[in-house]
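Below is one structure, written out as structure tokens, with a few remarks after it.
The values are calculated or read from the model by the stated rules, or taken from the named source; none is laboratory data. No experiment lies behind these values; they were computed from the predicted model shown. Cβ placement follows ideal geometry from the backbone for every residue including glycine, while neighbour counts extend to all protein chains displayed. Note: accessible area is taken over every heavy atom of the protein model, side chains too, but ligands, DNA and RNA are not part of it. Shrake-Rupley method; radii C 1.70, N 1.55, O 1.52, S 1.80 Å.
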Amino acid sequence: MSLVLYYAPMTSAIRAQWALEELEVRYEKRKLDLAAGEHKRPEFLALNPNGKVPLLVVHGTPIFEGVAIAIYLGETYGVSKGLYPPPGLNRAEVLKWIAWSAASLGEALSRFARNTQASIPAEARNEHVAAAARRDLQELADILEKALEKREYLVGGAFSFADLMVAPMLAHAAQLGIDLEPFIQVKAWSARCLGRPALARAMKD
Ligand SMILES: N[C@@H](CCC(=O)N[C@@H](CS)C(=O)NCC(=O)O)C(=O)O
């Protein structure tokens, strides 16, 4: 089975890169230069009409959306590695956090970024929307804080794709200026997750 990952550095594609490194499966990496618009070229749009990374091409079949890529990789390679639970309640819990990473955390994060980042024209930004998104992100961090009380990882007592999908987004929130200092458990968990050698390998290029 050939796996080709299209990615760009410093984007949400890091989660797919990290997953592949954790799984220790063979894959080919194709780096796209977003600033040069490589993700909007016809040859890439033919694979991913959304014009976004990550994209995983599995034996010729393109899979877009980070969540779908994570679920595919988890189901296919993660169970035997102990990174993705077999069907059952633990799997449902991992899926819960994966969905939360996109539908709740990701939604608030992109709302915050769209209304704060200098790359967005000032007239398109709204400080009230930004303030509401900041509050939402702090509430979401608090949900995580409570989930991590008495737990080292989100599901089943060990690092899983739930942690892998959520932790980079929290790190991104901190980079964008969300204060995570009050969230003691989140900070400790985040350090545990982000210190994994597979992530360092994923970030190499
Ligand atoms: N919903 C998509 C979003 C992917 C996404 O927004 N990727 C960004 C990088 S973080 C991108 O490719 N942006 C380029 C663009 O929109 O022009 C996913 O989760 O995979």
Considering only DSSP states other than H, G, I, E and B, which trypsin sites (Lys or Arg not before Pro) in region 10-46 qualify as loop sites with at most 15 other Cβ atoms within 10 Å?
ARG26
Roughly speaking, to the nearest percent, how much of the chain's 1.4 Å accessible area is carbon and sulfur?
56
Name the aspartates and glutamates eligible as straight-distance cross-link partners of LYS52: C-alpha to C-alpha under 19 Å, and not fewer than 8 places from it in the same chain.
GLU28, ASP33, GLU38, GLU43, GLU65, GLU107, ASP205
Order by accessible surface, 1.4 Å probe, largest leading, for residues LEU55, LEU34 comes to LEU34, LEU55
Quick check on region 89-200: what does the Kirkwood estimate of hydrodynamic radius come out to from the alpha carbon pairs, in Å?
14.6
With all protein chains present and a 1.4 Å probe, how do HIS59, HIS172 order by accessible area, largest first?
HIS59, HIS172
Which whole-number value in Å² is the accessible area per residue of the chain, probe 1.4 Å?
51
Would you mind calculating the relative contact order of the chain from Cα pairs under 8 angstrom and at least 6 residues apart, reporting the percent as a whole number?
23
Within region 3-82: Cβ-based charge dipole about Cα centre, in debye rounded to nearest 20 (Lys, Arg +1; Asp, Glu -1)
140
Filter the cross-link list LYS31/LYS187; LYS40/LYS81; LYS150/LYS187; LYS96/LYS187; LYS31/LYS81 down to pairs whose alpha-carbon distance in this structure exceeds 24 Å.
LYS31/LYS187; LYS40/LYS81; LYS31/LYS81
Mean projected area (nm²) of the alpha-carbon convex hull when the chain is viewed from all directions:
11.8
Show MET169, MET1, MET10, MET203 ordered by accessible area, largest first, where the area counts protein heavy atoms only and the probe is 1.4 Å.
MET10, MET1, MET203, MET169
Over the Cα atoms of region 24-126, what Rg and Dmax result, in angstrom?
16.9, 50
Alpha carbon convex hull of region 41-101, projected area averaged over orientations, nm²:
4.7
Taking the alpha-carbon set of region 3-82, what are its Rg and Dmax in Å?
12.2, 39
